[in-house]
Amino acid sequence: MLRFDSFSKILSSGLRLGMVSGPTGFVQRIDLVSQATALHTSGVSQALVSKLLKHWGEKGWNEHIRQVCLFYARRRDAFIARIEKHLKGLVSYTVPEAGMFVYFKCHGIANTKPMVEVRGKEAKVLLVPGQAFSPNDVPSDCVRASFSTASDEEMDQALERFAGMLREEAKQQQQPKSKL
């Protein structure tokens, strides 16, 4: 069994540094392929993380992870409260147990990509259409939103705008198309 992890969400996204653990033979093969394709990860990033982990030790690392989890849980809870306030009846979603994203199923909207690209841009609401997560680029009724760095006020504003986008898009999609 192989396990892949990343420092992106727990230290800094700019590091672009991850790791793999598993049987030695597999890990060595992955290392060779990685060296040939990525031409090595930044030495500065590797040195920085190595020094930090040595400085922290296991106890410091565990405390850092605990703090990161608390941070994301607080942001998630604030976001969920605002979803309930602004989007009730417009979307379905599952409260995430980890991470920094909520994946919404948008009611009454068959393809969210045009809505995100046009109405989202106009409303200054950053979303990722569900189609972006489809290996076959299939239209989707879903969008993904991040809650990690938004302030409470920004969450309120974005979700209120998103609700307006959903209502307007659903109205547009329900209007019969005129035949010429």
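What follows is calculated from the coordinates using simple rules that are stated; it is not laboratory data. All of these numbers come straight from a predicted model, not from anything done at the bench. Methodologically, a virtual Cβ is constructed for each residue, glycine included, from the backbone with ideal geometry; neighbour enumeration extends over all protein chains shown.
The table that follows gives values for the structure above.
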{"item": "Residue satisfying condition, being surrounded by 13 or more Cβ atoms within 10 Å (Cβ to Cβ), under 19 Å from the mean Cα position of the chain (by Cα) and among the hydroxyl-bearing types (Ser, Thr, Tyr), within set Ser134, Ser140, Ser151", "result": "Ser140"}
{"item": "Candidate set: the range 18-44, residues that are part of a loop (DSSP other than H, G, I, E, B) and touching a Ser or Thr at 6+ places or on another chain (Cβ under 9 Å); chosen: the one surrounded by the fewest Cβ atoms within 10 Å (Cβ to Cβ)", "result": "His40"}
{"item": "Qualifying positions in the range 83-110 - in contact with an Asp or Glu (Cβ under 7 Å, 6 or more places away or on another chain) and either within 18 Å of Asp141 (Cβ to Cβ) or exposed (fewer than 13 other Cβ atoms within 10 Å of the Cβ) (or both)", "result": "Lys105, Cys106, Ile109, Ala110"}
{"item": "Residue list for the range 124-180, filter: over 16 Å from Lys105 (Cα atoms), basic (Lys, Arg), touching a helix residue (DSSP H, G or I) at 6+ places or on another chain (Cβ under 9 Å) and outside any helix (DSSP H, G or I)", "result": "Lys124"}
{"item": "Condition met for Gln173 (in contact with a Pro (Cβ under 7 Å, 6 or more places away or on another chain) and either within 29 Å of Arg74 (Cβ to Cβ) or surrounded by 12 or more Cβ atoms within 10 Å (Cβ to Cβ) (or both))", "result": "no"}
{"item": "Residue tally, condition of a type in the set (Gly, Ala, Ser) and part of a helix (DSSP H, G or I), over the range 98-123", "result": "2"}
{"item": "Matching residues, the range 5-51, being in contact with a Gly (Cβ under 9 Å, 6 or more places away or on another chain) and under 19 Å from Cys69 (Cα atoms)", "result": "Asp5, Ser6, Phe7, Ser8, Lys9"}
{"item": "Sole exception among (1) in a helix (DSSP H, G or I); (2) in contact with a helix residue (DSSP H, G or I) (Cβ under 9 Å, 6 or more places away or on another chain); (3) closer than 30 Å to Gly130 by Cα for Val95, by number", "result": "(1)"}
{"item": "Qualifying residue in the range 4-22 (condition: of a type in the set (Lys, Arg), closer than 29 Å to Glu97 by Cα and out of contact with any Cys (no Cβ under 8 Å at 6 or more places or on another chain))", "result": "yes"}
